[in-house]
Every structure is written in structure tokens, then in C-alpha cells.
Amino acid sequence: ATESTEGSSHEECSVCGYQKAAVVIPVTGKEETTNEQPSNTNTLTVGQVVVNKADGSFYTIKKNAGKVHEVEYKAPKNKKQTKIAVPDSIKINGATYKVTSIGAKAFNGSKKLTKVTVGANIKKISNNAFFKCKSLKMVTIKSMLLTKKTANKKAFKGVNKKMVIKVPKKVKKAYVKMFKGLKVK
């Protein structure tokens, strides 16, 4: 589709040649640019899900205005990974996005997951982020930005009973209270 012309898309079986009816793609209403490079960050909208090429994980755009670029970790590349590191930031279209939160049920059902490292820019770990990660035994949190309002033991509902959360020394006292009932070292 272009600014003034509709486009179309169809699916076709490569074995028998059966074609589904074409779907019309409406006119974009935006001016076509032929010689200009697209704007690196303005093409992404808040709420859009993107894949980080570096690790294959899924992220949701949370902020994308001016110089503020933030994403939320939505899901790993696959549920069979044993070790995952949630990075401090990722690059998308040449722009650096801080990874500031882990979404609800982000690791839900990752039965083989044993170790997670949480990046330094994480401000929020949603409830049930690690729901039913039965093999999870070690979580290393590098972030010192979590508060009682942005993280608690509900994030680790249904994990291995022997799981240990390793945290920075400066925030250990606060994090022990925050994750009451869990082993925080």
C-alpha cells in the first residue's frame, strides 16, 4: 500500500497451489519517501512488540519520545532456555532502548529455566513474571532501582522453593523486606 494506492496480500500453498482470498491493505495516507532514510525511532509506537536481534527475545516499546527510549522484557526467544540475561539495554533501528521492566508472565512456563540475570536498568518486575518456573534456582538482580511498589515476591509465584535471589550489597536490606519469604543474598 502507498499514500494513494491500496495494496493486497494473499496466502498460497506451495504444495497444491490453493490460494486464500486476497486481503486488501488500505491506503496509508502518508507521503512516500524514496531517497530519504526512515527515521530510526519514530517508526516504533508505544505498545508495539519488537524482537531483539541479539538474543531473539521479545520486548514491548514503553517510551519512545525525544531522547527517552524504554522497553519492557515481554518473553524469551523460547521457553526451553536454561539461562537468560535480561540486558541493561538493547539496540533497535540504531537507537538504544533501556530495558526498564519485566512484564507479567514474561517467563511463564519456562520449565527448564535455572538461572536469570536481571539488568541494572530494571525499575519494575511485574507480578507472576517468573510464574511456574519450577527449575529456577538463581536470580541475580543487578538493579538498585526496585521499590516495594514495583517488585515483590508475587513476581516469583510458583518457582523452585530453593531459589536464591542475589542482589547488590547496597540494597540488600531493602530487597530482603521487599522479597519477604524468599532467600535473598
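Observations, loosely collected:
- Scanning residues 5 or more positions from HIS69 or on other chains, those with amide H under 5 Å from its amide H are LYS98, with H placed 1.01 Å from N in the peptide plane.
- Violating pairs (Cα-Cα greater than 21 angstrom) within the set LYS112/LYS132; LYS112/LYS149; LYS123/LYS154; LYS123/LYS185; LYS62/LYS124: LYS112/LYS149
- Fully extended contour minus Cα-Cα distance, from ALA120 to ASN93, at 0.36 nm per residue: 7.5 nm
- Estimated distance in nm for a label pair at VAL171 and LYS83, the labels positioned 7 Å out from Cα along Cα-to-Cβ: 2.3
- If you plug the beta carbon distance of ALA104 and GLU11 into 1/(1 + (r/R0)^6) with R0 = 41 Å, you get a FRET efficiency near 0.80.
- Here the gap between GLN48 and THR140, fully extended at 0.36 nm per residue and compared with their Cα-Cα distance, gives a gain of 30.3 nm.
- Between LYS153 and ASP55, full extension at 0.36 nm per residue minus the direct alpha carbon distance yields a gain of 32.6 nm.
- Heavy-atom surface of the range 43-163, accessible at 1.4 Å and reported per residue (Å²): 54
- Per-atom-type breakdown for the range 52-173 gives carbon and sulfur 53% of the accessible area (1.4 Å probe, protein chains only).
- For THR5, solvent-accessible area (1.4 Å; no DNA, RNA or ligand), Å²: 80
- In terms of accessible area, using a 1.4 Å probe and ignoring ligands and nucleic acids, GLU70, GLU12 rank largest first as GLU12, GLU70.
- Eigenvalues of the alpha-carbon gyration tensor of the range 38-185, scaled by 5 and square-rooted, set the equivalent ellipsoid semi-axes at 27, 17, 12 angstrom, largest first.
The values are calculated or read from the model by the stated rules, or taken from the named source; none is laboratory data. In this text the structure is predicted, and so the values were computed from the model without any measurement. Ideal geometry is used to build each Cβ from the backbone, glycine not excepted, and the neighbour counts take in all protein chains shown. Note: areas computed on protein heavy atoms with side chains; ligands, DNA, RNA excluded. Shrake-Rupley method; radii C 1.70, N 1.55, O 1.52, S 1.80 Å.
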